Amino acid sequence: MSASTDALAEALAAEHAAIFGYGAVGARLDKAGQEAARQAETAHRNRRDALVVRIAAASATPPPAAPAYQLPFPVTNRASALRLAIALEEGAAQAWRRALPVTSGDDRRLGIEALMDCAVRATRWRRAAGVLPATVPFPGAPS
Amino acid sequence: MHNPAQVSPRPTASRRGFLRGLLAVAGATTMGAGSAAALAGCDVLTGGENDEVEPHELDAFLLSTVALGDRYDATLAAQPAMASTLTAPRDAHRAHAQALADALGRPVPTAPASAGPVPTDRALALADLAGAEKAGRDAAVTACMAGAPRLAALLGSIAAARASHLEVLK
């Protein structure tokens, strides 16, 4: 696969992981939190679908979702659920940022929109978690 | 004024650099790049320093990034009580300017003083900064789309940071 298709495949893997992870997030939040998690999961699903189309159009095989993912830490309460939501958005942001230098045109635009969406959602989750500051100077940059 | 340790003072730009920055902004509006480049070679800009930095298509964007941080500073000076909300975004704009200047191989420029005073009302100040962030976000997206691959990740992060600032300015 080309560098751009490789990068999009990595972004797809991050989107798969986010979709899986939000299941664990929503289970530990109240109604409002569940709605935010549902909307975030929808955004990730939409990008997953767009990526599958693009990778297939490049005559490459889109990596499928794993049957299950190992969460980075146990999600047992609201605090850990919010921490996971932040981590899911940051992880996706990192994959999308890496795609930017090796993509162009519509692929790069998809990447920019994705990076912005992940940064905005991460900031919302940080606010919900009381993490200050709620913004980071370079969203998607390696931590 | 609140000045966290991690924010280093901006280097004072030379007069030549300041004027070049003004021309970069003017060139983007009325004069045109050709006139700006011609004037850049004119004696009026010889400030005794041999400035070898060539004009770059992102000069105006870099200048506007500095100006965005300046707007936050002016707002913070007028309304210190907003420090808890505005400090992190302000610091981000300074970091963006430094990172972009480093990537372009030039010093951080000094932006001309902004035209209007900052609002003294909190809600109006938030709306004012949000407008600037939204415009800046869109400019960063444009710059990222048009820019060289080596600048794409930085410009993308700048766009994303500005998008996230809109969340805390609500």
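None of the figures in this text is laboratory data; all of them are computed from the coordinates on show. Owing to the predicted nature of the structure, the values given are computational and were not obtained by experimental measurement. Quick reminder, even Gly has a Cβ in these numbers, built from the backbone with ideal geometry, and neighbours come from all protein chains shown.
Just to verify a result, which residue in segment B:122-170, among those that are among the β-branched types (Val, Ile, Thr) and touching a Lys or Arg at 6+ places or on another chain (Cβ under 9 Å), is farthest from B:Gln98 (Cα to Cα)?
Pass one, segment B:122-170, residues among the β-branched types (Val, Ile, Thr): B:141-142, B:158, B:168.
Now narrow it down to the ones that are touching a Lys or Arg at 6+ places or on another chain (Cβ under 9 Å): B:141, B:158, B:168.
Working: B:Val141: 19, B:Ile158: 12, B:Val168: 23 Å.
By that ranking, first place goes to B:Val168.
Pull up segment B:117-165, narrow it to residues that are charged (D, E, K, R) and more than 10 Å from chain A (Cβ to nearest Cβ), then point me to the one that is farthest from B:Thr85 (Cα to Cα).
Filtering segment B:117-165 down to residues charged (D, E, K, R) leaves B:121-122, B:128, B:133-134, B:137-138, B:150, B:162.
Still in the list and also more than 10 Å from chain A (Cβ to nearest Cβ): B:121-122, B:128, B:133-134, B:138.
Working: B:Asp121: 14, B:Arg122: 11, B:Asp128: 14, B:Glu133: 14, B:Lys134: 17, B:Asp138: 22 Å.
So the residue we want is B:Asp138.
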Next item on the list: Identify, from the list A:Ala119, A:Ala81, A:Ala134, the residue that is within 10 Å of another protein chain (Cβ to nearest Cβ), more than 13 Å from the chain's Cα centre (by Cα), crowded, with 19+ Cβ neighbours inside 10 Å and small (Gly, Ala, Ser).
Entry: A:Ala134
